[in-house]
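The values are calculated or read from the model by the stated rules, or taken from the named source; none is laboratory data. Note that the structure is predicted; figures quoted are calculated from it, not measured. Here the Cβ is made from the backbone with ideal geometry for all residues, glycine too, and neighbour counts use every protein chain on show.
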Amino acid sequence: MAPLACSVLVTGSNRGIGLELVQQLAETTDPPEHIFATCRNPAGSQGKALRELADKHPTIHVVQLDVKDPSSLKAAVSVVESHLNGKGLNLLINNAGVAIYGSLETMEQEEMLSVFNTNVVGPTLVVKEFLPLLKKAARESATEGMSCGKAAIINLTSRLGSIGRGFEFEGPPVYSYRVTKAALNMATACMASELQSEGVLCTALHPGWVKTDMGTAEAPLTVECSVRGILRVLANLSSLETGAFLDWEGNHFPW
Ligand SMILES: NC(=O)c1ccc[n+]([C@@H]2O[C@H](COP(=O)([O-])OP(=O)(O)OC[C@H]3O[C@@H](n4cnc5c(N)ncnc54)[C@H](OP(=O)(O)O)[C@@H]3O)[C@@H](O)[C@H]2O)c1
């Protein structure tokens with residue numbers, strides 16, 4: 001089986017869905033040559049599980065990246081570039097995100113701006129900074145069409161950000177989370193439209209309701225199962241899915 005991509009970068013990869021993405025990518029029979037596992041504090045206790053995983057797999061490069069900090073982003077691009085040795089980056093997975101409980105009546109300006117910064121501004125700047133490497137991968141690929149093996153951006157969104165169906169799902173109010181994921185969806189649609197002619201695929205992906213710190217123990221889906229589904233979906237993406245909103249099983253979701 002061919003690798004999903006020669007090079008993959010994942011944000012927020014020290015726990016939850018991000019950590020499992022890195023683990024499953026590294027443990028597949030034909031792993032990517034480079035897995036850039038980024039997180040905001042790799043040296044601290046939050047980075048322990050990722051460091052232990054990286055010790056077992058030389059394909060994993062642990063890279064510091066705080067999506068809210070533009071200088072850490074620029075430094076991460078340099079580190080990634082140095083490993084790629086003149087090649088482009090094939091697959092960027094914008095996974096890092098935060099959710100804060102709060103309703104319209106309890107929400108404060110500072111909290112709303114902070115969540116917006118992490119869930120919308122951060123992933124958009126990550127794409128902006130890595131775009132030259134993604135475009136390079138697209139330009140230098142010998143394959144036609146679009147795929148994660150060529151050049152792709154995957155933004156981890158949530159069904160709670162869907163205006164069409166997001167209100168079918170009840171639960172505690174997460175006002176800022178819903179609003180920011182709807183905004184991330186629009187950013188994904190903008191990226192898809194702008195980057196279509198460059199051959200860079202852009203898709204918004206809902207991972208399911210997953211047992212992580214964010215999803216809580218109440219969630220029905222294990223992180224292993226969600227990530228297995230996500231990787232299966234990614235392997236089959238083509239130009240038909242650029243600008244689409246999909247779930248972890250490949251079903252189309254309304255914006
Ligand atoms: N779990 C679900 O049910 C569910 C459902 C729908 C969508 N999603 C989406 O899936 C993605 C992953 O969720 P998860 O369940 O794995 O969440 P999680 O367990 O809470 O993990 C969140 C990850 O994001 C990182 N992060 C937060 N702020 C960051 C920043 N400024 N810079 C870099 N990394 C940052 C965290 O790093 P630290 O350890 O440093 O905080 C952590 O690695 C999120 O985008 C989430 O919205 C999850």
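When the range 185-231 is filtered for residues that are more than 9 Å from the ligand (Cβ to nearest atom) and at positive phi, only Gly199 remains. Among the residues making up the range 89-115, those that are aliphatic (A, V, I, L, M) and more than 15 Å from the ligand (Cβ to nearest atom) are Leu89, Leu91, Leu104, Met107, Met112.
Mind checking which residues of the range 219-248 are without any contact (Cβ under 8 Å) to a residue 40 or more places away in the chain and among the small types (Gly, Ala, Ser)? Talk me through it step by step, then tell me what you get.
Restricting attention to the range 219-248, the residues satisfying the condition of being without any contact (Cβ under 8 Å) to a residue 40 or more places away in the chain are 219-222, 225, 229, 232-233, 236, 240.
Of everything in the range 219-248, those that are without any contact (Cβ under 8 Å) to a residue 40 or more places away in the chain and among the small types (Gly, Ala, Ser) turn out to be Ala219, Gly229.
Scoring Gly164 on the criteria (1) farther than 21 Å from Asp247 by Cβ; (2) out of contact with any helix residue (DSSP H, G or I) (no Cβ under 6 Å at 6 or more places or on another chain) leaves a single failure, condition (1).
From the list Gly16, Gly44, Gly12, which residue is in contact with an Asp or Glu (Cβ under 8 Å, 6 or more places away or on another chain), of a type in the set (Gly, Ala, Ser) and under 19 Å from Ala96 (Cα atoms)?
Working: Gly44 fails: in contact with an Asp or Glu (Cβ under 8 Å, 6 or more places away or on another chain); Gly12 fails: in contact with an Asp or Glu (Cβ under 8 Å, 6 or more places away or on another chain).
Only one candidate passes the filter, namely Gly16.
Check Ser78, Ser103, Ser71, Ser82 and return the single one that is at pLDDT below 95 and polar (S, T, N, Q). Explain how you work it out, then say what you get.
Values: Ser78 fails: at pLDDT below 95; Ser71 fails: at pLDDT below 95; Ser82 fails: at pLDDT below 95.
None of the other options fit; the residue is Ser103.
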